[in-house]
Amino acid sequence: MNSEKMGQFIAESRKLNHMTQKDLAEKLNITDKEVSKWERGLSCPDISLLSSIADILGVSTSELLNGEKNNSYSGDSQVSIYNALQYTDKTVEGKAKSIHNIFAMAFSLLLLLGMIVCTICDLTISGNLTWSLFPISSAIFTWIVFFPVIKFGKKGILSTVIALSVLIVPFLYVMNHLIKSNDLIMPVGIRMSIISIVFLWLVFVLFNKLKAQKLIATAISLLLAIPVCIVINITLSGIIGGPIFDVWDVLVFSIIIFTVISLFAIDFNVRKKKSVSNNS
């Protein structure tokens, strides 16, 4: 489906009906700017408006999707169905993109507002930038890491994982520099970060390899969390002392194992039902 071709067809049909963009917009209860965008191929009409547009312009929905009067496409229902499905995918993708853009803008503005408020309060109270450097640094780090996934959804996950992997150690160094009296940030933070980043990459690769088996990927990720937790406990015990395991660890591991078994059972039942339905 060609959005420019559709837009040109809408413009031609509108002019044949002696209508302006404003006339068409009023009949559809939208703005003439939206009609202008359609005709320039910058966007497509919402799928709910297709039938109304076709009726107003005196064309069929199939002709609207094809972007031309039925001639060579006459009787070609497969082309119309394909264009309809493609159009639906495109409109859904456009709506999802708009939602991601709104969330990304809100996310950015909230962090920026927080940074401004902290800066003003710090300068008013202290006359200098002191404690506000902590939330400002954290906000910048949070924005760089999470903006890709908020803006682009699944397509931004890789960028988020890479940003987190690259920036976590510099961020800890900045925090350590700001909190000069704390000697645990770097030794504890770097070790925990390395372990967490390795686990994050394993989960990322796992879900990419098992795209069609989300339940299995989730179950394996949860199982991997157990040795990761054990390594973290051993590392912390070696640095700050204390027991390696406590009752809470046992409780968490028990919950994880129960959840993993449940996920495998659900996946088995789903596959069994699919197998039965395919055989029948």
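The values are calculated or read from the model by the stated rules, or taken from the named source; none is laboratory data. Note that the coordinates shown come from a computational prediction; the quantities given were computed from them, not determined experimentally. Here Cβ is always computed from backbone atoms with ideal geometry, including for glycine, and neighbour counts include all displayed protein chains. Heads up: the accessible areas ignore ligands, DNA and RNA and are worked out on the full protein's heavy atoms, side chains in. Shrake-Rupley method; radii C 1.70, N 1.55, O 1.52, S 1.80 Å.
Data overview
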read-out	value
Flag for Lys180 being open to solvent by 30 Å² or more (accessible area, probe 1.4 Å) and within 25 Å of the chain's Cα centre (by Cα)	no
Out of Leu112, Leu164, Leu158, sole residue that is out of contact with any strand residue (DSSP E or B) (no Cβ under 8 Å at 6 or more places or on another chain), over 30 Å from Leu224 (Cα atoms) and modelled with pLDDT of 90 or more	Leu112
Residue within segment 85-106 that is touching a Leu at 6+ places or on another chain (Cβ under 7 Å) and either among the polar types (S, T, N, Q) or at pLDDT below 90 (or both) present	yes
Filter result for the condition that a residue is among the aliphatic types (A, V, I, L, M), closer than 30 Å to Ser137 by Cβ and either in contact with a Pro (Cβ under 9 Å, 6 or more places away or on another chain) or open to solvent by less than 60 Å² (accessible area, probe 1.4 Å) (or both), over Val231, Val260, Val203, Val198	Val203
Qualifying residues in segment 53-63 (those that are surrounded by fewer than 17 Cβ atoms within 10 Å (Cβ to Cβ) and among the small types (Gly, Ala, Ser)) - the one modelled with the highest pLDDT	Gly58
Count - residues of segment 113-130 that are open to solvent by 90 Å² or more (accessible area, probe 1.4 Å) and either in contact (Cβ under 8 Å) with a residue 12 or more places away in the chain or aliphatic (A, V, I, L, M) (or both)	3
Qualifying residue in segment 156-174 (condition: touching a Ser or Thr at 6+ places or on another chain (Cβ under 6 Å) and open to solvent by less than 40 Å² (accessible area, probe 1.4 Å))	yes
Yes/no for Ile216 being open to solvent by 40 Å² or more (accessible area, probe 1.4 Å), assigned to a helix (DSSP H, G or I) and of a type outside the set (Asp, Glu)	no
Verdict on Val188 being without any contact (Cβ under 8 Å) to a residue 24 or more places away in the chain and surrounded by 15 or more Cβ atoms within 10 Å (Cβ to Cβ)	no
All positions within segment 259-276 that are among the polar types (S, T, N, Q) and under 20 Å from Leu223 (Cβ atoms)	Thr259, Ser262, Asn269
Verdict on Leu215 being touching a Gly at 6+ places or on another chain (Cβ under 9 Å), under 30 Å from Pro148 (Cβ atoms) and of a type in the set (A, V, I, L, M)	no
Lone unmet requirement of (1) over 24 Å from the mean Cα position of the chain (by Cα); (2) within 29 Å of Leu133 (Cα to Cα); (3) polar (S, T, N, Q); (4) modelled with pLDDT of 85 or more for Ser193	(1)
Segment 231-264: number of residues that are more than 31 Å from the chain's Cα centre (by Cα), closer than 17 Å to Ile195 by Cβ and assigned to a helix (DSSP H, G or I)	9
Some residue of segment 236-254 being more than 30 Å from Ile136 (Cβ to Cβ), open to solvent by 60 Å² or more (accessible area, probe 1.4 Å) and of a type in the set (Phe, Trp, Tyr)	yes
